[in-house]
Amino acid sequence: MEGKTVLVTGGCGAIGSNLVKRLLPNNKVVTIDDLSEGFEKNLDLTHENLTYVNGSILDRALLGKVFDDHSFDVVFHLAAAFANQKSVENPRHDLEVNIDGTMFVLEECRKHDIPRVMYASSSSSYGPGNGDPFTELMVPDPSTPYAVSKLAGEYYSLVYHKVYGLNTTIIRYFNSFGPGEWPGKYRNVIPRWFDMALKGKPLTIRGTGEATRDFTYIDDTIDITLLAVEHPKAIGQVFNSGTGTPTKVIDLANKINGLTGNPGGLETIQMPHWDNVPDRLASIGKAKELLGYNPKVSLDEGLRKTYEWFKSQEDYK
Ligand SMILES: NC(=O)c1ccc[n+]([C@@H]2O[C@H](COP(=O)([O-])OP(=O)(O)OC[C@H]3O[C@@H](n4cnc5c(N)ncnc54)[C@H](O)[C@@H]3O)[C@@H](O)[C@H]2O)c1
């Protein structure tokens, strides 16, 4: 993408900051982020092509001003309350940020006739499934408030296409990982485990570790995110973002301990009662066929790059 004016909501977050970095050399980028989960240090705030707005998408006056002040060619809506465990503890907050917030962004897009809009959804929309790879045709079966809220955002995005003609595209991310995602209580397993490993602590495995997930390196995540707003066939469609390769959670833990030389080993803890998904694997046939998406980074290579990034950060030197 080149020569565009782009809004990224949630641009200080794990995926948003990588998207902003990819866009910055050749596009004007505006991001709005309230730093509830993200970090200013993820971005070069002095970059001449970047306008950073520190605020919430729930602040309708501020959001309206952001849209009034720029003429966006593309809007990537990534800002969200993240993720399942947090939503189980505070479901109302998810509703506000992920449903109301999405509605506010879509409304501004409609009012300002934005040519292309991408909505960041989640594989958690699918729920437990039946062990087969998840295809976009499967009936969603969300099992956490977060999943409900992300799915509601999807439905609104699709309805804004059908009713108002807004050119929306939905991407359901399956466990994206890589530089830019900081560890935290509610964060994904890979940054949490690198943090534990670099501190010599045992990696905590929920359940037996036999569950499988589809881990996608951030560069591939950004590739499909950009394809979603470039390809005419993407409009009004939902796509999985994954690799199509399953990894057992226990194998992931051993890889991270092996890479880091962590003496802490492994520790088993109880599976949270809401985590009822034994295997979550993306079918990526639709994205390959319609978008030409082709994930390139293997799990081993992605983990090596993520490890290098962690080691280069002040907190881990
Ligand atoms: N990372 C993954 O594996 C994954 C998987 C499935 C779906 N997703 C979705 O992709 C998107 C990006 O995920 P991420 O991993 O980068 O999450 P993240 O938490 O790192 O980034 C989200 C950003 O949104 C910001 N934000 C939250 N509430 C806001 C508000 N009210 N106003 C403005 N900004 C706000 C946060 O501060 C944060 O910087 C989210 O919509 C998430 O639901 C991510």
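The values are calculated or read from the model by the stated rules, or taken from the named source; none is laboratory data. Computed from a predicted structure; not experimentally measured. Using ideal geometry, Cβ is built from the backbone for each residue, glycine included, and neighbour counts are taken over all protein chains shown.
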Regarding the range 129-151, can at least one residue be identified that is under 25 Å from Leu7 (Cα atoms), surrounded by fewer than 18 Cβ atoms within 10 Å (Cβ to Cβ), without any contact (Cβ under 8 Å) to a residue 24 or more places away in the chain and in the same structural domain as Ile15 (by TED's automatic domain parsing)? no
Within the range 233-268, residues within 25 Å of Gly153 (Cα to Cα), modelled with pLDDT of 95 or more and not hydrophobic (A, V, I, L, M, F, W, C) come out as Gly236, Gln237, Asn240, Ser241, Gly242, Thr243, Gly244
Residues of the range 159-198 satisfying the condition of being touching a residue at least 12 places away in the same chain (Cβ under 8 Å) and away from the ligand (no atom under 16 Å from the Cβ): Tyr160, His161, Lys162, Tyr164, Leu166, Asn167, Met196, Ala197, Leu198
Taking the range 228-278 as the region of interest, how many residues are buried (at least 17 other Cβ atoms within 10 Å of the Cβ), outside any helix (DSSP H, G or I) and over 23 Å from the mean Cα position of the chain (by Cα)? 1
Among the candidates Arg92, Arg110, single out the residue that is part of a helix (DSSP H, G or I) and over 22 Å from the mean Cα position of the chain (by Cα). Arg110
Would you mind finding the one in Tyr186, Tyr164 that is of a type outside the set (Val, Ile, Thr), touching a Lys or Arg at 6+ places or on another chain (Cβ under 6 Å) and not assigned by TED's automatic domain parsing to the domain that holds Ser87? Tyr186
For residues that are modelled with pLDDT under 95 and among the charged types (D, E, K, R), scanning just the range 153-207, find the one that is surrounded by the most Cβ atoms within 10 Å (Cβ to Cβ). Arg187
All positions within the range 20-41 that are closer than 21 Å to Gly184 by Cα and within 16 Å of the chain's Cα centre (by Cα): Asp33, Leu35, Ser36, Glu37, Gly38, Phe39
Determine whether the range 11-26 contains at least one residue that is in a strand (DSSP E or B), closer than 20 Å to Lys86 by Cα, modelled with pLDDT of 95 or more and within 7 Å of the ligand (Cβ to nearest atom). no
Of the residues Gly3, Gly10, Gly64, which single one is without any contact (Cβ under 8 Å) to a residue 40 or more places away in the chain and out of contact with any Cys (no Cβ under 7 Å at 6 or more places or on another chain)? Gly3
Filter result for Lys111 (at pLDDT below 95 and among the basic types (Lys, Arg)): no
